[in-house]
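Okay, structure first, notes after.
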Amino acid sequence: MKASGSGGDLIVDAWQAAHPDQPKFPDRRTGELVDPQFASRARHVSTSYVNNTIIPMLRRKAGVPAADVRGNITSHRARSTIASQLYNAKESMTLFELQAWLGHHSPQSTQYNPKITPNTLSKAHSEAGYFERNVRTIEVLVDRDADASGAGRGR
């Protein structure tokens, strides 16, 4: 789980060098054996330890603040940020693809993770062609020649 091209590479490399390989753990949803994100002495590291100890240490080393406009930096925020990036990417994932990727059972759970960026929203609005359709409708409804000559005013 490396943050390509950032100080995060060095931090993750240092973590991996200091901590030996861990056994695979069964995924709680699928039962498949997977590599743990954080484990020590062949045991899972608790979410509270990740959020209260590991993340604060990593963000201090990387010079990242404890919070931003969306709140405290936590493991869940990392998932939400990644989901937002995948949703807003040039070749974006659909909400249903994100649902599968995040392991959610319902789309309602998934809809709270990704945040749409202003650029994505603007592009979607532009591609919808709403403004152009309304202009064409007005052009059809208003006879410009009659309006310019005053013939359509019913005098």
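Looking across region 17-36, the residues that are exposed (fewer than 11 other Cβ atoms within 10 Å of the Cβ) and in a loop (DSSP other than H, G, I, E, B) come down to Pro20, Asp21, Pro23, Arg28, Arg29, Thr30, Gly31, Glu32.
So that you can scan it fast, the table gives a plain yes or no per residue for (1) under 30 Å from Ala18 (Cβ atoms); (2) open to solvent by less than 40 Å² (accessible area, probe 1.4 Å); (3) touching a Cys at 6+ places or on another chain (Cβ under 8 Å):
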residue	(1), (2), (3)
Thr53	yes, no, no
Arg60	yes, no, no
Val69	no, no, no
Ala83	yes, yes, no
Leu98	no, yes, no
Tyr112	no, no, no
Thr117	no, no, no
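The values are calculated or read from the model by the stated rules, or taken from the named source; none is laboratory data. As the structure is a prediction and not an experimental result, all values here were calculated from the model. Note that each Cβ is placed from the backbone with ideal geometry, even for glycine, and that neighbours are counted across all protein chains shown. For the accessible areas, the whole protein counts, side chains as well, though only heavy atoms, and no ligand, DNA or RNA atoms are used. Shrake-Rupley method; radii C 1.70, N 1.55, O 1.52, S 1.80 Å.
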